[in-house]
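The values are calculated or read from the model by the stated rules, or taken from the named source; none is laboratory data. Bear in mind the structure is a predicted one, so any value in this text is a computation, not a measurement. Cβ: placed from backbone, ideal geometry, glycine included. Neighbour counts: every protein chain shown.
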Amino acid sequence: MGTSSAPVDPYHAGMGRVFSGIKPTGPVTLGNYLGALRTWVDAQDADDCVYCVVDLHALTVPSDPAQLRALTLELATVLVAIGLDPRRCTLFVQGHVHEHAELAWLMECTASVGELRRMTQFKEKSDDQHFVSAGLFTYPALMAADILLYDTDRVPVGDDQRQHLELTRDLAERFNSRFGATFVVPEAAVPPVAARVMDLQDPTRKMSKTEESPQGVVLLLDEPASIERKIRRAVTDTGTDVRYDPVAKPGVSNLLAILGAATGRHPAAVAEGYDRYGPLKADCAAAVVELLRPVQARYAELVADPAEVTTILRAGADKAQAVAGPTLARARSAVGLLPR
Ligand code: TYM
């Protein structure tokens, strides 16, 4: 129900609003970090940021209850460990703010079956599955609700979420034109480098937390020796020259993109320093280990005192709801739902 008596929006007026989310469906990967999470941290200083562990999205695929609870808390802990600061952003769990599920229904009634069917992620995730939930199909409507509840201007995401963002924009525009100006129409913010980190064992496939490819996926909490081993054994391409060409040389280009992202350089510029694969792999591994070292150290401190993270999440849900409630109330009234 829209909480129209909610306190005034606690965010600073005039700043851009940023919103993004991540699913607790597996341990966080280097792809998540370079493609999205790192930019979440950077945005905290310039914008008014709202970040969410999207547990309701995790239910779209079969999941074990105890594991979902553990992964949700682990993911929230990782987000604090990478540098999300509750004094500078709002961090919360989607399922703690019921407005998400409720606005999702209005979005499901705004989206057409045809446009949901065109979502490539639905096709990929439903192919060859013997059980495909209705929630997996309507997932992008829930994602649109997440974003629209916060009057979001920018959504920092990796390349694989572009199509969902386009749909969110279409739904916001359609809703506004049918029912009057209700939602801000958001834009995707995709990083220029490492927007699609590939699997180290199969560089034609995205590095993914749910992929059965333990050697191809670097996890944020992997031991340094494991990170080094995975990168040293990464599949490279035929030939020995080092150049940035994601089509002809996907394996080498992936390593160049990772090293570039870890050291703040363009992958093509990184390539100029190498003429063999071995040194490139060694430098890439060392850079990733260094990049993750402080995150892992902070994570170790935080897991020793889980109460700190649960307190952050509780306060985050209150702050988020203070914004989401009035937006939902606006949308309910726009479509003609009778006030209680
Ligand atoms: P999810 O949980 O799959 O991924 C979280 C973020 O990580 C990015 N990402 C990658 N970036 C580069 N290379 C990769 N290999 C890689 N793998 C993942 C994703 O693009 C994403 O930004 N539907 C979303 C979660 C979501 C959401 C939202 C995002 C739900 N509601 C609202 C933004 C706004 C998802 O499945 O992300």
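Data overview
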{"item": "Qualifying positions in the range 150-185 - of a type in the set (Ser, Thr, Tyr) and either within 13 Å of Ala111 (Cα to Cα) or near the ligand (Cβ under 9 Å from one of its atoms) (or both)", "result": "Thr152, Thr168"}
{"item": "Subset of the range 317-340 [without any contact (Cβ under 8 Å) to a residue 60 or more places away in the chain and of a type in the set (Val, Ile, Thr)]", "result": "none"}
{"item": "Residue identified as out of contact with any strand residue (DSSP E or B) (no Cβ under 6 Å at 6 or more places or on another chain) and on the phi > 0 side of the Ramachandran plot among Asp128, Asp151", "result": "Asp128"}
{"item": "Qualifying residue in the range 207-214 (condition: assigned to a loop (DSSP other than H, G, I, E, B), farther than 16 Å from Gly35 by Cβ, in contact (Cβ under 8 Å) with a residue 24 or more places away in the chain and of a type in the set (Asp, Glu))", "result": "no"}
{"item": "Looking only at the range 130-149, and only at residues there that are more than 9 Å from the ligand (Cβ to nearest atom), touching a residue at least 60 places away in the same chain (Cβ under 8 Å) and assigned to a helix (DSSP H, G or I), the one that is surrounded by the fewest Cβ atoms within 10 Å (Cβ to Cβ)", "result": "Gly135"}
{"item": "Failed condition for Lys281, given (1) in contact with a strand residue (DSSP E or B) (Cβ under 8 Å, 6 or more places away or on another chain); (2) of a type in the set (Lys, Arg); (3) within 17 Å of Ile227 (Cβ to Cβ)", "result": "(1)"}
{"item": "Residue match in the range 87-101 (condition: surrounded by 14 or more Cβ atoms within 10 Å (Cβ to Cβ), within 11 Å of the ligand (Cβ to nearest atom) and aromatic (Phe, Trp, Tyr))", "result": "no"}
{"item": "Selection count where residues are outside any helix (DSSP H, G or I), closer than 17 Å to Ala194 by Cα and not hydrophobic (A, V, I, L, M, F, W, C), scope the range 218-271", "result": "8"}
{"item": "Condition check for Gln67: among the polar types (S, T, N, Q) and over 19 Å from the mean Cα position of the chain (by Cα)", "result": "yes"}
{"item": "Residue in the range 184-195 that is small (Gly, Ala, Ser) and touching a strand residue (DSSP E or B) at 6+ places or on another chain (Cβ under 9 Å) present", "result": "yes"}
{"item": "Residue in the range 228-236 that is among the charged types (D, E, K, R), in contact (Cβ under 8 Å) with a residue 60 or more places away in the chain and on the phi < 0 side of the Ramachandran plot present", "result": "yes"}
{"item": "The range 52-96: number of residues that are of a type in the set (Gly, Ala, Ser) and either more than 21 Å from Gly35 (Cα to Cα) or modelled with pLDDT under 95 (or both)", "result": "4"}
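Table: residues versus (1) hydroxyl-bearing (Ser, Thr, Tyr); (2) within 20 Å of Trp40 (Cα to Cα).
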position: Ala141; (1), (2): no, no
position: Ala144; (1), (2): no, yes
position: Val157; (1), (2): no, yes
position: Asp170; (1), (2): no, no
position: Phe183; (1), (2): no, no
position: Glu187; (1), (2): no, yes
position: Arg205; (1), (2): no, no
position: Ser226; (1), (2): yes, no
position: Arg232; (1), (2): no, no
